[in-house]
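Working notes, structure below.
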Amino acid sequence: MAMTARQRARISRGVQYGLLVVIVVALVFIADWNTLISRALNPSVMAQQFPQIITVALKNTLIYTALGFVAGMSGGILLALMRLSSVAPYRWIATLYIELFRGVPAVLVFLALGFGVPLAFQVRFNNLVTVMLALGLVSAAYIAESLRAGLQAVPKGQYEAARSLGMSHARAMVTIIIPQALRIVLPPLTNEVILLAKDSSLVYLLGMTVAQYELTKFGREAISGTGAGLTPLVLAGVCYLIITVPLGLLARYFETRADARSARK
Amino acid sequence: MKKSTATATAAHPASVTIDGLHKSYGSLDVLKGISLDVQPGEVVCLIGPSGSGKSTLLRCVNLLETPQRGRIQIGDVEVTDPDVDIDAVRRRVGMVFQQFNLFPNMSVLKNLTVAQRKVLGRSESAARQTALHNLERVGLADKADSAPAQLSGGQQQRVAIARALSMDPELMLFDEPTSALDPETVGDVLSIMRDLAKEGMTMLVVTHEMAFARDVADRVVFMDGGVVVEEGLARDVIGAPQHQRTQTFLSRVLNPTQVHTPES
Ligand SMILES: Nc1ncnc2c1ncn2[C@@H]1O[C@H](COP(=O)(O)OP(=O)(O)O)[C@@H](O)[C@H]1O
Ligand SMILES: [Mg+2]
């Protein structure tokens, strides 16, 4: 019997939903719930994590993320302007930087800053500075590319109108172009903050005092305690989600708002 | 508009002298030795087929493009002098674009005050007062708090004119200001330009509105292929063009539906 395309699509979707339910039910039955709960979702272990997981670990993750973002944003703006500069060597340097730091894992940057630089230059930064630099160096490359795309998306006429009103290049960029570019890059920038929040876990490589623990380090230390199981890591994961899910929603909100704006045009 | 005429008159309309101007992009010669004088308070319309270099000429005057050769003088300032303060030149010259180029993220009022504040260093209240005065001139005083996107094309172009006027320019450049507009809004923009001309502003206008050129322009310049082919009083150039190319162009623009036989 002949089916319309729509009927066929509906049946195919029904089959897929059915399969999904079967898989979930199977997993629920196969899993050893008693062990799982006692090892990974143990309420008494959870209780021990508070309040430090919030007052120390979550707080530090937020601080490291914010520091990284401030550094990355500063570096990113500079690099984006260099990429768009009429001075060729600026463009080369910026391109080289961006390719380098986008291509190297963040772990290596942390190790280089934490151990390589102190060896090479006989300096020892405090951890906060190292975190800020490492996260900033990595995210600056991504942020620069987002900003460059955003700056180029602002119509040329905006710059010409600003210059025609007597604004200098710098004034036109700061007052007219960058604010418009920022609206365009809000979604990718928000996503960058999510990545930073996760990358901040790499501070564990640096060796920290207890007061400097962030979520991942805090969780790792806790599971090495006697009989804690995996519960601390699950809790740390939930804390990351508390940070990242709202940011994800925010990014989506910015996107729809940008779409609405361009649709109105 | 009538009541504000006295204060609205351009304070010191500037003259423009263009002499032997050459501009090329790579191997493409766009302006091939343009010379043109505009007296203070004079309205000159530039007409000519698309690609003839009209926009480029206008953009050279406020240095959005840098000519390779030739001189441009506005008032007593030679703007083609390599040491000239470009920003200072542009402060005296208002530019109105075909695509309006209003700042979409700012209210209408902010569009008019931002350069007054940042470039001229006027106080917030002085800038606001000038802005509201110029919005009134273009008949949009009630739109001060609107966003540009909420306005029709014609209204946006009137805001763009008010924005340029808020800098108290000595010269206004218009690059096809009505070409992107719905036909029913063209008249409002042209009537504001007409008022401005009456008030004594020096104006250099690229336009395809021949009725406007005939009625408002003191002189009309016909350009083709990067040279001035013909120039003279508006009624002469439009009413009785001397050159074949001018005649062909005008008959196309004035009778767009008519079938034209190709001429030499
Ligand atoms: N930035 C540019 N780069 C290369 N060619 C250009 C540029 N701007 C204008 N042109 C060329 O110069 C010629 C004249 O352009 P334009 O001044 O805009 O003419 P009009 O305004 O009379 O239509 C056209 O052939 C155009 O393609
Ligand atoms: Mg043009």
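Results, tabulated for the structure shown:
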| read-out | value |
| --- | --- |
| Heavy-atom accessible area ranking, 1.4 Å probe, most first, across A:VAL15, A:VAL138 | A:VAL15, A:VAL138 |
| For region A:89-94, Karplus couplings with θ = phi - 60° (6.51, -1.76, 1.60), whole Hz, Gly/Pro x | x, 4, 4, 4, 4, 5 |
| Projected label distance in nm at B:ASP85 and A:ALA31, using a 7 Å step from Cα toward the beta-carbon | 7.2 |
| Cβ-based net charge around B:PRO13, under 10 Å, with every Lys or Arg adding one and every Asp or Glu removing one | -3 |
| Nitroxide proxy distance, nm - points 7 Å out along Cα→Cβ at A:ARG124 and A:ARG6 | 7.3 |
| Spherically averaged projected area in nm², based on the convex hull that wraps the Cα atoms of chain B | 14.9 |
| List B:VAL77, B:VAL138, ordered by accessible area with a 1.4 Å probe, largest first | B:VAL77, B:VAL138 |
| Accessible surface of B:GLU42 - all protein chains present, 1.4 Å probe, nearest 10 Å² | 20 |
| FRET efficiency estimate (nearest 0.05) - Cβ-Cβ, A:LEU249 to B:THR66, R0 41 angstrom | 0.25 |
| Computed over chain B: relative contact order in percent, which uses C-alpha pairs under 8 Å that are six or more apart | 26 |
| Cα centroid separation, region A:71-135 to region B:128-203 (Å) | 48 |
| Solvent accessible area, Å² - A:SER74, 1.4 Å probe, full protein context | 70 |
| Links that overshoot a 29 Å alpha carbon limit, given the list A:LYS156/B:LYS118; A:LYS156/B:LYS54; B:LYS23/B:LYS118 | B:LYS23/B:LYS118 |
| Rounded accessible area of A:LYS59 (nearest 10 Å², 1.4 Å probe) | 100 |
| Label-zone membership for region A:214-235, site A:SER44, 7 angstrom Cα→C-beta point, backbone N under 20 Å | A:222-235 |
| Accessible area, probe 1.4 Å, largest first, for residues B:LEU112, A:LEU20 | A:LEU20, B:LEU112 |
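The values are calculated or read from the model by the stated rules, or taken from the named source; none is laboratory data. Just so it is clear, the model here is predicted, and its values are computed rather than measured. Positions of Cβ are backbone-derived with ideal geometry, glycine not excepted, and every protein chain shown enters the neighbour counts. Quick note on the areas: whole protein, heavy atoms, side chains included, nothing else; ligands and nucleic acids left out. Shrake-Rupley method; radii C 1.70, N 1.55, O 1.52, S 1.80 Å.
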